[in-house]
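The values are calculated or read from the model by the stated rules, or taken from the named source; none is laboratory data. Since this is a predicted model, take the numbers as computed values, not measurements. Using ideal geometry, Cβ is built from the backbone for each residue, glycine included, and neighbour counts are taken over all protein chains shown. Just so you know, the surface numbers come from the protein's heavy atoms only, side chains and all, with ligands and any DNA or RNA stripped out. Shrake-Rupley method; radii C 1.70, N 1.55, O 1.52, S 1.80 Å.
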Amino acid sequence: MRFILRSLVALSLLTAPAHAESVDLELVFAADGSGSIDNDELRLQRQGWADALTSPDVLNGIKDGPIGAIAVAFMEWGGPSSQVLIVDWHVIRDEASARVFADKLLSAPRGATGYNSISNAIDFSVRLVEGNAHEGTRKVIDVSGDGPNMNGRSLEQARAEALAKGFTINALAIRRPGSGRPGGPGGMSLEDYYAQNVIGGPGSFVEIANETQPFALAARRKLLTEIAGTGGASRHASR
């Protein structure tokens with residue numbers, strides 16, 4: 001009889017549903033790792049996000065949340081078939097946990113190839129959130145890049161499907177010093193292109209990294225806004 005009881009208890013533990021860990025925010029960093037990003041620029045992006053996550057003001061912002069923790073993952077995107085998970089889901093609640101994530105990010109090898117499928121990067125980010133073991137009060141995809149969508153499925157469709165599932169999509173437009181490139185099609189600025197075609201959802205916004213605001217500063221400002229959930233002061237989605 002005791003053996004049967006122990007077996008029943010063990011079976012119930014194996015079949016019991018897993019409980020998701022509650023966090024204030026589920027955040028995917030979807031960073032440009034395409035052919036237009038050289039190794040120095042890739043390191044600049046990774047270092048900027050690592051420094052932002054470990055900065056005292058960001059850590060204080062995390063601790064001020066109702067739960068005091070956020071779940072983050074970092075992926076880099078290139079062409080339609082190239083989305084690479086650089087650092088898997090990690091809960092950040094203090095300096096030590098933030099440093100673990102930052103160290104993994106800075107030491108990971110490069111993986112993405114090809115050119116600019118923001119749409120497929122959004123799809124990949126949605127799947128990352130839907131398959132994780134966390135439950136956040138907000139779900140944010142943070143797209144950073146230096147150019148428009150070029151390949152893959154319809155960006156409009158990918159964006160609309162993510163928004164319908166309750167995601168917010170924000171963007172960081174990287175305007176390279178001295179490049180002279182408008183960024184978007186038809187001479188449109190990159191930040192305007194991202195505002196019209198990429199971002200969406202409650203409080204969505206575009207942050208800009210350029211000559212006057214280096215990437216590290218833009219990343220920290222953006223992350224503080226996303227943690228607070230107040231929306232950005234830069235450029236907001238019109239739809």
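Most tightly packed first, judged by the mean number of other beta-carbon atoms within 10 Å of their residues, the peptides 55-65, 82-92 read 82-92, 55-65. Taking Ser97, Ser125, Ser117 in turn, the Gaussian network model of the chain (Cα-Cα springs below 10 Å) assigns the largest fluctuation to Ser97.
Can you return the lysines within cross-link range of Lys139? Criterion is Cα-Cα under 17 Å, with same-chain partners fewer than 8 residues away left out. In chain and number order, the partners are Lys165, Lys222.
Surface composition of the chain: carbon plus sulfur atoms contribute 55% of the solvent-accessible area (1.4 Å probe, protein chains only, all chains present). In the elastic network of the chain, a GNM with C-alpha springs shorter than 10 Å, the most mobile of Arg175, Arg159, Arg110 is Arg110.
Label the range 103-174 by shape, choosing from rounded, prolate and oblate, from the square roots a ≥ b ≥ c of the eigenvalues of the Cα gyration tensor; if a/c is under 1.5 it is rounded, and otherwise prolate applies when a/b is larger than b/c, oblate when it is not.
oblate
Kirkwood hydrodynamic radius (Cα pairs, Å) of the chain? Could you put the intermediate results ahead of the total?
Numbers: mean 1/r = 0.0546 Å⁻¹.
After inverting the pairwise mean of 1/r, the radius is 18.3 Å.
Of all DSSP bridge pairs formed entirely within the chain, close to 30 percent run antiparallel.
Computed over the chain, the per-residue total of -39500 (n - 2.57) for DSSP H runs of n ≥ 4 gives a 222 nm mean residue ellipticity of -12500 deg cm²/dmol, rounded to 500. Accessible surface calculations at 1.4 Å, restricted to protein heavy atoms, place the range 108-197 at 42 Å² per residue.
At the listed q of 0.11, 0.13, 0.21, 0.22 Å⁻¹, the Debye profile of the range 36-127, built from one uniform point per Cα, gives log10 I(q)/I(0) equal to -0.35, -0.48, -1.04, -1.09.
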